[in-house]
Each structure stands twice: as C-alpha cells, then as structure tokens.
Amino acid sequence: MDLGLKGRVALVAAASKGLGRAVAEELAAEGASLVLCARGEQALRETCAAIEQSAGVPVLGVVADVANPSDVARVTQAAQERFGRIDILVTNAGGPPAGTFDTLGPEQWQAATSLLLTSVVELTRAVLPGMKARGWGRILNITSISVKQPVENLMLSNSLRAAVTGMARTLATEVAAQGITVNNILPGYTRTERVVGLADVTAAKEGISAADATARWESQIPMRRLGEPREFAALAAFLCSERASYITGTSIPVDGGWIRGLL
Ligand code: NAD
C-alpha cells in the first residue's frame, strides 16, 4: 500500500527515543521529511543523524521542552523556516510522575498539565492555520490506554490524557471539512526505555527481579508480551497518511488486547 507520505513534512514531538522515535522512523521510511524535538541535545542529534542516514530524508532536530510554550513556538518556527510548512503533527511528551490523589500536590498537577495538555494545545495552535490554508493536515496525539481504562496509581496520566481526548474529539469536528483529521493513538505496555526503567524501579522497590516485574505486566496482556515500538509506529504512520483520509475523531489502542472494554 502506498501511504502517500512522500514529500510530506511531519513534526514529531519528544522523538529522540521510544515511541516518538519509532513513529519518526516509520514516517521517514515512507518518505516524509521530519522535524523532531526533545530536551536532550545529544540523543536528539544521534537520532536525527541515524534516521537521515537510513531513510535518506531531511531531518531537522530542535532541542525543546514541549511543556514550555516558547520552546514550542521555536520548534514550529524552525520547521517553517526549513520546510515552509508542517503537514503532519504527532504530539508526544514524557510521562508524568505516578501517584494517587493524596500524594500529588498543586505543583505536580500544574507541571503535568503543562506537559500533557498545554503542549498539545500549543503545538496544535501553531500548525493549524497552515493546514487550513492548504486544506490538508494530520494531527495525531500519543495518549495512553489509560483513557479507556484508568491505570491504578497514575492519577495525572489518567486525568490529563482524558482532557487531550476531549479536546481532540472536539477539534476533529471543527476542522473535518477542511481536510484535517485529528486522532489519538493509545499505547499499551510497549518496550521502550521508559518501560524498561519502570521495571527496574518496580523491581528495586519490591525486592523482585526486573524480569518478574515485566512478567506481571505481561500476565495482564492477552498476547502475554510487551508491544514493540515498531508495532505502535505502523498504525501511527497509517493514521498520518493519505490513506486514512476518512478516519477522524478516534482513539485507537495498540495494546495486545489489554483494554477489556467493548469499544
Ligand atoms: P521514553 O522515555 O522512552 O521516550 C520519551 C521521549 O520524549 C524521549 O525522546 C525524551 O527525550 C522525550 N521527552 C520527554 N519529555 C519531554 C519534554 N518535556 N519535551 C520534549 N521531549 C521530551 O518514553 P515512551 O515510552 O516512548 O513514552 C512516550 C509517551 O507515551 C509518554 O508520555 C508515556 O507516558 C506514554 N505511554 C507509554 C507507554 C509505554 O508502554 N511505552 C504506555 C502508555 C503511555
């Protein structure tokens, strides 16, 4: 299937590692030019060089914290200057801290709101006028399975990703007639640095091995294994493509069957 991504320009946020990087790699393999951002310069530079070399497409890296609106403005401006447009926006950020309601104070709520919700609003605000002017656009938000089935001890993620989902669904209706789709893709437990690190932390806290901590997650997943970032990225690339032109306002999990709900 030709996804029709050749020559499109995609901005993938928080993309030096993990899911963001996997999505960037898949879009590049389909011929899209890339603008990537992340906070750490070294990892971002390495990722951009690796993708540029393997896919042969131009990749611009901009060091930026998506929780900071002025950084978001800098990224989108750099993208405009280099490529003249942004056709595809993939929003992403690091995960917020775990915790229950009683353990989280106002500062943590504020920081998580900037990281997970404001970042999506500001990135979207920056790309939307150009997409409307050209009558074509793809906005894809990386959220979490927690929007369909809240995960215990993840109060901030459960709450703020639901807010992103509400915003995206509302925006999808507002811009549908202008050729712009807005969707969310929901990772389940996927083997990224963050999840490997989480297994180590859980192991140290509970006096078990990291393999045992991972096995506990796997026991809740009908496929009995973690997902691979490439499996996630395949759907992401499709949703960003020409071929997904009649899909908007949806939230689609890539979770090995973890969510037990009907819809
Ligand atoms: P990861 O830690 O492997 O990679 C995160 C990437 O985001 C890195 O490139 C990092 O540099 C960048 N980043 C982090 N904070 C940033 C910021 N403020 N500004 C710019 N860049 C930033 O994480 P991942 O596993 O790829 O997860 C990505 C997102 O998906 C997270 O929000 C996570 O909570 C969510 N998620 C992941 C899983 C999973 O199993 N991997 C499951 C559900 C939800």
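The values are calculated or read from the model by the stated rules, or taken from the named source; none is laboratory data. Here the structure is a predicted model, which is why all the values come from computation and not from measurement. Backbone-built Cβ (ideal geometry, glycine too); neighbour counts: all protein chains shown. These area figures cover heavy atoms from the full protein model, side chains too; ligands, DNA and RNA do not enter into them. Shrake-Rupley method; radii C 1.70, N 1.55, O 1.52, S 1.80 Å.
For the reader, a short list of remarks on this structure follows.
- Between region 202-263 and region 111-132, the Cα center-to-center distance that results, in Å: 24
- With the highest mean first, a sort of the peptides 90-98, 198-206 on other beta-carbon atoms found within 10 angstrom per residue produces 90-98, 198-206.
- Distance between the 7 Å Cα→Cβ label points at residue 194 and residue 63: 2.2 nm.
- Of 249, 120, 24, farthest towards positive along the dipole that unit charges on Lys, Arg, Asp, Glu beta carbons give the chain: 249
- Pair residue 52, residue 230: separation of 7 Å Cα→Cβ label points (nm): 2.4
- Set of region 5-23 residues, backbone N closer than 20 Å to the point 7 Å along the Cα-Cβ line of residue 221: 17-23
- Think of the chain as having a plus end and a minus end, set by charges on the Cβ of Lys, Arg, Asp and Glu; of 182, 136, 211, 136 sits farthest toward the positive end of this dipole.
- Alpha-carbon centroid distance for the pair region 16-32 / region 167-186, whole angstrom: 22
- Helical content of the chain, expressed as a calculated mean residue ellipticity at 222 nm, amounts to -15000 deg cm²/dmol (DSSP H runs of 4 or more residues, -39,500 (n - 2.57) each, divided by residue number, nearest 500).
- Distance between the modelled labels on residue 70 and residue 262, one decimal in nanometres: 5.2 nm (7 Å Cα→Cβ projection).
- Rg and Dmax over the alpha-carbon atoms of region 135-184 stand at 12.6, 42 Å.
- Residue-normalised accessible area of region 116-251, given per residue in Å² at a 1.4 Å probe: 46
- As a fraction of the 1.4 Å probe accessible area of the chain, surface on carbon and sulfur atoms comes out at 54 percent.
- For the chain, with +1 on Lys and Arg beta carbons and -1 on Asp and Glu, the positive-most of 201, 43, 69 along the dipole: 69
- Rg in Å to one decimal, and Dmax rounded to a whole Å, for the chain via C-alpha atoms: 17.8, 57
- Cα-based helix-to-principal-axis angle, 18-29 vs the chain, degrees rounded to 10: 30
- Three-way shape label, region 41-96, alpha-carbon gyration tensor, a/c 1.5: oblate
- Relative to the dominant Cα principal axis of the chain, helix 41-55 is inclined by about 60°.
- Counted charge near residue 2, where neighbours are those whose Cβ lies closer than 9 Å (Asp, Glu -1; Lys, Arg +1): 0
- A protection proxy built from the mean count of other Cβ atoms within 10 Å ranks the segments 28-41, 119-132, 100-113, 209-222, most packed first, as 28-41, 119-132, 209-222, 100-113.
- With all projection directions averaged, the alpha carbon convex hull of region 41-173 covers 9.5 nm².
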